[in-house]
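Shown next, in structure tokens, is the structure this report addresses.
The values are calculated or read from the model by the stated rules, or taken from the named source; none is laboratory data. No experiment lies behind these values; they were computed from the predicted model shown. Please note: Cβ atoms are built from the backbone with ideal geometry, for glycine as well, and neighbour counts cover all protein chains shown. Accessible surface areas use protein heavy atoms only, side chains included; no ligands, DNA or RNA. Shrake-Rupley method; radii C 1.70, N 1.55, O 1.52, S 1.80 Å.
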Amino acid sequence: MAAEILDGKKHADGMIEEVRARVAEITSRGKRAPALAVVLVGDDPASQVYVRNKVTACSRTGISSIEHRLNAGATQGEINTLVDSLNADDSVDGILVQLPLPRHVDAKSVLLRISPAKDVDGLHPYNQGLLLQGAKGLRPCTPSAVMHMLKAHGVPMKGARAVVIGRSEIVGKPMAFMLLEEHATVTIAHSRTQDLPGLCRQADILVAAIGRPGMVEGSWIKPGAVVVDVGINEVTDELLAAKIMANEPKKLETLKTKGRVLCGDVRFGEALHTAGSITPVPGGVGPLTIAGLMMNTLFAQTPSLTL
Ligand code: NDP
């Protein structure tokens, strides 16, 4: 039997609607709408698309967004000054500095400068500490939204064996802590992990956050497992595509007509036959991340809310 598709887009729409309703309730009481400041440095095309999508999501929810664009040559001092002014501005609830920053800028120190109360990416050590303690706080958007979806789908986590491939600060590590918080038995795998296929085969919940197209093969997946594919990879190589998208004629067609196609870290066409449920790419975790950002911005304004 083919796996159930975990429709991230549909779930994200539900989250956006939930935020929209809360924002409408807040403003109907005469309070101002939550406000997100987005800082974009330089003209990286992918970053511009991400920022545009975030601003669009804000308009769907009623959250106000303020874009701050600096040119690619902006100095560390100029970026710091902007972050300081946003920290001090009471009309701003959330600050998002779009990554990557130009090479000459120390991104870590910029992220550290953002007030933890406005850190909607959940990357400040203060918020990371709260997560480690299992306390309420601003958490990275992607894993938060994935958890929201897994809970909504009634995925059993207590006592489940979870494997997270990837140990980044923004996805892998927080994902692992959130699964642990739900009482899963969690293993974090990375580039030095031995026998990764064998480890994956033990996972009731498998999260792939690697950034390598089609690395996880169908044979690595435990029958009935819940598979969350975080990876977003652009493939232009027809030989690679023929190998990792063998059972996905639509994607191969897209590659032929457009010269590129998006895929995840998991071989979706193979995984469909083994997994119990799986997120597609695109349309899985991507839309969830932006919905998570909306929830975080609302939470930054009103930390007493339970979403
Ligand atoms: P990073 O590059 O920061 O981390 C990748 C992780 O994968 C590292 O921990 C690395 O291990 C591990 N890894 C790399 N190669 C292997 C391998 N051969 N075997 C096992 N582990 C390996 O990436 P991110 O966490 O930022 O992102 C991961 C993917 O998710 C990317 O495709 C990114 O585009 C996507 N993404 C998608 C989002 C969405 O909204 N859907 C949001 C954020 C990210 P090591 O630490 O040992 O180097």
Restricting the search to segment 55-107, which residues are open to solvent by less than 60 Å² (accessible area, probe 1.4 Å), in contact with a helix residue (DSSP H, G or I) (Cβ under 6 Å, 6 or more places away or on another chain) and of a type in the set (D, E, K, R)?
ASP93
Conditions (1) open to solvent by less than 40 Å² (accessible area, probe 1.4 Å); (2) within 18 Å of ASP121 (Cα to Cα); (3) not hydroxyl-bearing (Ser, Thr, Tyr); number of the one not met by VAL23
(2)
Report the residue count in segment 151-169 for those that are surrounded by fewer than 24 Cβ atoms within 10 Å (Cβ to Cβ) and more than 9 Å from the ligand (Cβ to nearest atom).
11
Out of GLY292, GLY259, GLY276, sole residue that is within 16 Å of the ligand (Cβ to nearest atom) and either closer than 30 Å to PRO116 by Cβ or of a type outside the set (D, E, K, R) (or both):
GLY292
Every pair of residues 6+ apart whose Cβ atoms lie under 7 Å, when the first sits in segment 275-302 and is of a type in the set (Ser, Thr, Tyr) while the second is near the ligand (Cβ under 10 Å from one of its atoms)
THR279/GLY8; THR279/VAL228; THR279/ASP229; THR279/VAL285; THR289/CYS141; THR289/THR142; THR289/ALA145
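Every residue, every condition in (1) over 26 Å from ARG167 (Cα atoms); (2) not hydroxyl-bearing (Ser, Thr, Tyr), yes or no:
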{"site": "ASP43", "(1), (2)": "yes, yes"}
{"site": "VAL49", "(1), (2)": "no, yes"}
{"site": "GLY73", "(1), (2)": "yes, yes"}
{"site": "GLN98", "(1), (2)": "no, yes"}
{"site": "HIS104", "(1), (2)": "no, yes"}
{"site": "SER109", "(1), (2)": "no, no"}
{"site": "TYR126", "(1), (2)": "no, no"}
{"site": "LEU130", "(1), (2)": "no, yes"}
{"site": "LEU138", "(1), (2)": "no, yes"}
When you check ALA2 against the structure, is it among the small types (Gly, Ala, Ser), in contact with a His (Cβ under 8 Å, 6 or more places away or on another chain) and surrounded by fewer than 22 Cβ atoms within 10 Å (Cβ to Cβ), yes or no?
yes
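Taking segment 213-232, which residues are aliphatic (A, V, I, L, M) and either open to solvent by 50 Å² or more (accessible area, probe 1.4 Å) or within 6 Å of the ligand (Cβ to nearest atom) (or both)?
MET215, VAL230, ILE232
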Yes/no for LEU180 being within 15 Å of the ligand (Cβ to nearest atom), among the aliphatic types (A, V, I, L, M) and either farther than 21 Å from LYS251 by Cβ or in a loop (DSSP other than H, G, I, E, B) (or both):
no
Kindly provide the set of residues from segment 189-212 that are within 12 Å of the ligand (Cβ to nearest atom) and over 17 Å from the mean Cα position of the chain (by Cα), ordered by number.
ALA189, HIS190, SER191, ARG192, THR193, GLN194, ASP195, LEU196, PRO197, LEU199, CYS200
Could you say whether any residue in segment 27-35 is under 18 Å from SER115 (Cβ atoms), open to solvent by 60 Å² or more (accessible area, probe 1.4 Å) and hydrophobic (A, V, I, L, M, F, W, C)?
no
